Structure formats: C-alpha cells, structure tokens
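Remarks on the structure that follows.
Each reported figure results from applying straightforward, stated rules to the coordinates on display, with no laboratory input. All values derive from a computational prediction rather than experimental measurement. Heads up, the Cβs are rebuilt from the backbone with ideal geometry, glycines too, and the neighbour counts pull from every protein chain shown.
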Amino acid sequence: MDISGNKIVGIIPARIGSEEVYAKVLMDLGGKTVIQHVYEKATAAGVFEEVLIAADDQRIVEAAEKFGAKTYLTQTDHICGTDRCAEAVRALVPDADIVVNIQADEPFLNPEMISQVVEPLLTDGAWDMATLCCPCIDEASKEAEFTVKIVKSAAGRALYFSRSVIPYPRYDRGTAYYQHIGIYAYRTEQLLRFAKLGPAELELAEGLEQLRAIEAEMRIKVIETDLSYARISIDTQADIDNARRFLEEQSSEE
Amino acid sequence: MHDVFSKSNRQKNNFQPENVVVKVIGMVPARYASSRMPGKPLALISGKSMIQRVVEQSSQAKVLDEVWVATDDSRIAEAVEHFGGKAVMTSPDCASGTDRLAQAIELVEGDIIVNVQGDQPFIDPLMIDETVGPMLEDESLQMATLIHPIHRQEDLEDPGVVKAVIDLAGNGMYFSRSLIPAPHNDVAHQVYEHVGLYAYRRDFLKTLAILPQTVLERVEGLEQLRVIEHGYRLRCVITACADNELSGFSIDTPEDVLRGEAMLQERGLE
C-alpha cells in the first residue's frame, strides 16, 4: 500500500499473436525479452504493490515466470488489453484500488511516467481514469493513422481520441497537437465497469479501446508529460530492428 | 406525435416540478447587414420574405409558445410586425449570434430558448420539437442540438460538413471538420453531421455569453466546442427529419435564392 493507503497494482496485458509479428513480446532485445524490459521498467517505478503479467498464452506465462514475474493466463478472445487487465484483476487482485495498464510492447517506457499517470487518481476523487500525452511535433506523425490524437477540455478531461487529425486546423495552423501515450490508470471499479460494457461503435471503428470509456461518460484526466523516452513500440520486424539499434547506441554511450 | 411536448400537456409532465409551466420560445436572430446579400432577411423567396418563412415554419413546432425575431434593424422589425410576427430590437454590434440571443432574452420571457437560424427558410418544425424534447424530460440538461446521419460519401471528407460523435447517453463528445470516427477498421458505423439548431436554458445562455473562447473552438472555427471544452453537456438528438437537404438549406447569396425556389418547385411546395 502506498502512502495514501491505496493499493496500486500494475498489469501488463500481453498476447501471443499480433497481426504483424508473432510472439513479439518474446522477441530478444539485448539478451532479454521485450516483455522483461517492460516488467523491469514497471517495477522500477516504485509505485506498485505488485506487477502482474496477464497473458493469453502459456509460452508468455512461462517466460515471465522465469524472470520472476507473477502471471495470470487469460482467455484468448479479449478484444483489447483493458479487457484482459480486467479479467486478471477480478481473478487475482479484486481488492486493488488503482490499476495501471502498461503496454507489453513498449520496452523503453520511462518508469516516471507511471507515477505521473497515477497521480491524478490519488489527488482528485473526480477522475475515473488517467492517461498521458505528449506534444506531437512533426507534421508527418500528426497525419499518420497510427498516431492517436487527443482533444481535451480546459480542465484536461479527454473529450475524444482519433486517428484523424483533430482538431481540424481551419483557422489556427500553429496549434498544438497531442499524441496519446497508451498507458492508463483506472480506479478498479471503473476498470471492471469498462469490461462489462463491451465494445462500442466508435471504439470498433477507430480501433481505440479508450473510446469505450468516454462513451460511458468516464472522466479521463489527460496529463501532458515532459518526460523523454524512446517511443519505440514493437509492432513489426522493423520496430525490433530499430529497438536493437537503439539499445546498442545506448550501451556504446555508457 | 409526442403528446408530452404539446403545450396543453406540458404541465402534466412528471419530470417537471408540479404546476410549473415551462415556456419555450423560438428566437430568430436576423441582421440587416450581410456582406454578400444586404437586407438578406427581407429577400423574397417565391414571393414571401425569408424571415416570414422562418417564422411561419417555426411557429408550427408543437413545443414553441412564441416565436420572436431578434434584429438590429427597424426595417426588419417593421416587416415582421407587418406579417403579424413578434420582433425585439438588439444592438447592432453584437459579437456573435449567441450574444444577440443573450441580449434578446433580457427583453423577452422564456425558460428554454431555441435559436432558429434566420437564413434557413425551409426549416422543418419537427426539428425544433426534437431538439427541445430531451430538455423537457430532463431538467439537468442545459443545452441541446441536432445531428443527422451522413449518407453522401463526399460529405465525409468535406471540412464544411461538421461531424459529431456522441456518447451512449447522446451527449456530444466532440465536433470536428475532420472525419470522426476515423474509419480505421472495416466495420459498419454511422457518421453524423451536426445541424446547427440549438436549444438553451435561459440561465445557461447567459453563462455561455460570458464564457471565454477556447482553443479547440478557435482552431476548428466551431462555437459549440466552447460548451464541451468548458465541461458542459451538449445533448445531441438524431433527427428523424427526412428531407435534410431542404430543411437545412441556408441562403447566403442571390444565387441561393434561385436554388431555394427551385427546391420548393421540385417538391411541389409554395
């Protein structure tokens, strides 16, 4: 339990099959699997009472147990990581107050981001969830479908997430765009409510699970992070090559 | 159609406090000056002025107790009174339509105010009933507007067509000139266009007139974003109006008048 008396649990949902790279989270990255990098970053945050790996495949579970992680084998038919998290929470840690969903394919996550995403839930009872964003600096990534853009209210509440360019620059071309970073903190009851709702139309069209939460009027606080981290998520073979190069550069600098 | 909406029955509505009659008024802002068409509200469309058409169409809405024209020009006020309508004078230097509306309701009584566009002479009165409906049922709703499904492919990519996404309760999540939702996955889904017809509770209209401008509002050039950026709910009703082409037709130029007359003729209307 943390100083505020909250039980905070980290969940890393992982699946074996992804469209582009099979077993991507088990690929080797400088002598460790991708998911082990993520797990170590999560535990380094110093925020969690425990960190669990919730995977849909026995091979991930076995690999995770080898590096000492607590694991849970989930159903294979979840449509998103949040549903997978919810299943693991219900089974293993229903007494958690706050759950953080950490992407299994982001090996270079900055552990401080975990403290940042949890903070709004500790300080303001009105928020149901929290997530992070960073300014989207170059034009090409702003236009890209894989860059998820956020629009937020004056109070920092997420209004909508889209792969389209939002806001549309009708009058002010110099405006700031915010790129979503896929890490979420939830109050446990909201996470379980989320899973019970089932997929919604906007979520399915955009392929963005977080829209289900907004459609259900959940209040998501969006924190603009100023922390730097190598934003390499492992989706393709090219990504893993990139990540390996990045690791080598890092170690040669040290 | 909806009995709960009709004036005589509104008092019996269980959702409203007993014996309180909610007065609903239509307010049509009508400026004389127009860069492309000075005196636009008085332009004749098939022999009848645009402003008279708007007032007559709106007056058929079941929910409206009165329809008023808010204008900065005595020629328009006189024309309105001449055909038996009600006019209220506002200052010529209102910053926006919302400002003009806020000024007008200082002079006219009403609990819910529907902002009827003065340049849409063929508005379907059903749309006014639809917009106000949820506000009569749910006292906590401060504002409502309309959306309709987009059917034409070219509208999807047109930044002039404003798209709306709504939550499960029907509240607007966001409005954009970009295509939302983005069609990332090949699944059936509906895209909605926002129809600029608004109903407000009186006090909220006053609040809205003094709320500062917001970032997204400015960038998209969409005033309705101010409401949601400040954290208020904006209920969106999906209209059942079938002829959106006619009911949403706006007149900005003399050529539009000719097109409008042709649309009436095609439909056998006067």
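Annotations for the structure displayed:
- Near the amide H of A:A23, within less than 5 Å, lie the amide hydrogens of A:G17, A:S18, all on another chain or at least 5 residues away, with H placed in the peptide plane.
- Once the Cα-Cα distance is subtracted from the 0.36 nm per residue extended length, the A:A91 to A:D77 segment shows a gain of 3.4 nm.
- Inter-chain Cβ neighbour count for B:160-168, averaged per residue, equals 4 (cutoff 10 Å, partner chain atoms only).
- With both labels modelled 7 Å from their Cα along Cα-to-Cβ, the B:Q265 to B:A188 distance reads 4.0 nm.
- Inter-label distance, nm, simple model (7 Å from Cα along the C-beta direction), A:F146/B:L107: 6.0 nm
- 3J(HN,Hα) couplings calculated from phi for the range B:129-143 with the Karplus curve 6.51 cos²θ - 1.76 cosθ + 1.60 (θ = phi - 60°) are, in sequence order, 4, 5, 5, 7, x, x, 6, 6, 8, 10, 4, 7, 6, 9, 7 Hz; Gly and Pro show x.
- Taken over the range A:106-186, the alpha-carbon convex hull comes to 110 cubic angstrom per residue.
- The phi torsions of the range B:33-39, fed into the Karplus equation with coefficients 6.51, -1.76 and 1.60 and a -60° offset, translate into couplings of 5, 7, 4, 8, 7, x, x Hz, rounded to whole numbers, with Gly and Pro shown as x.
- Projected area, mean over directions - chain B, Cα convex hull, nm²: 15.1 nm²
- Peptide A:146-156 is shielded by partner chain Cβ atoms: per residue, an average of 4 of them sit within 10 Å of its Cβ.
- Likely footprinting exposure, A:L192, B:L156, fewest C-beta neighbours within 10 Å first: B:L156, A:L192
- Choice from B:V24, B:V69, B:V227 with maximal GNM fluctuation in chain B (Cα, 10 Å cutoff): B:V227
- For chain A, taking Cα atoms only, Rg and Dmax work out to 17.6, 55 Å respectively.
- Shape call, the protein assembly as shown: gyration tensor on alpha carbons, a/c limit 1.5: prolate
- Distance from the Cα centroid of the range B:207-270 to that of the range B:113-175 is 8 Å (rounded to whole angstrom).
- Between A:F67, A:F108, A:F194, the GNM of chain A built on Cα springs shorter than 10 angstrom shows A:F67 fluctuating the most.
- Modelled this way, with points 7 Å down the Cα-to-C-beta line, the labels at A:A238 and B:A33 are 5.5 nm from one another.
- Amide hydrogen proximity for B:K86: with H placed 1.01 Å from N in the peptide plane, the residues at 5 or more positions away or on another chain lying under 5 Å are B:V69.
- When chain B is treated as a Gaussian network with alpha carbon springs shorter than 10 Å, the biggest mean-square fluctuation among B:F204, B:F122, B:F175 belongs to B:F204.
- Where the Cα pairs of the range A:113-254 fall when distances are cut into 5 Å bins, in %: 2, 9, 17, 19, 19, 15, 10, 6, 2, 0
- Theoretical ellipticity at 222 nm over chain A - DSSP helices of four or more residues, -39500 (n - 2.57) apiece, nearest 500: -10000 deg cm²/dmol
- Phi-based couplings in Hz for the range A:228-245 (Karplus 6.51, -1.76, 1.60; Gly and Pro marked x): 9, 7, 7, 8, 10, 9, 8, 10, 10, 4, 4, 5, 5, 4, 4, 5, 5, 4
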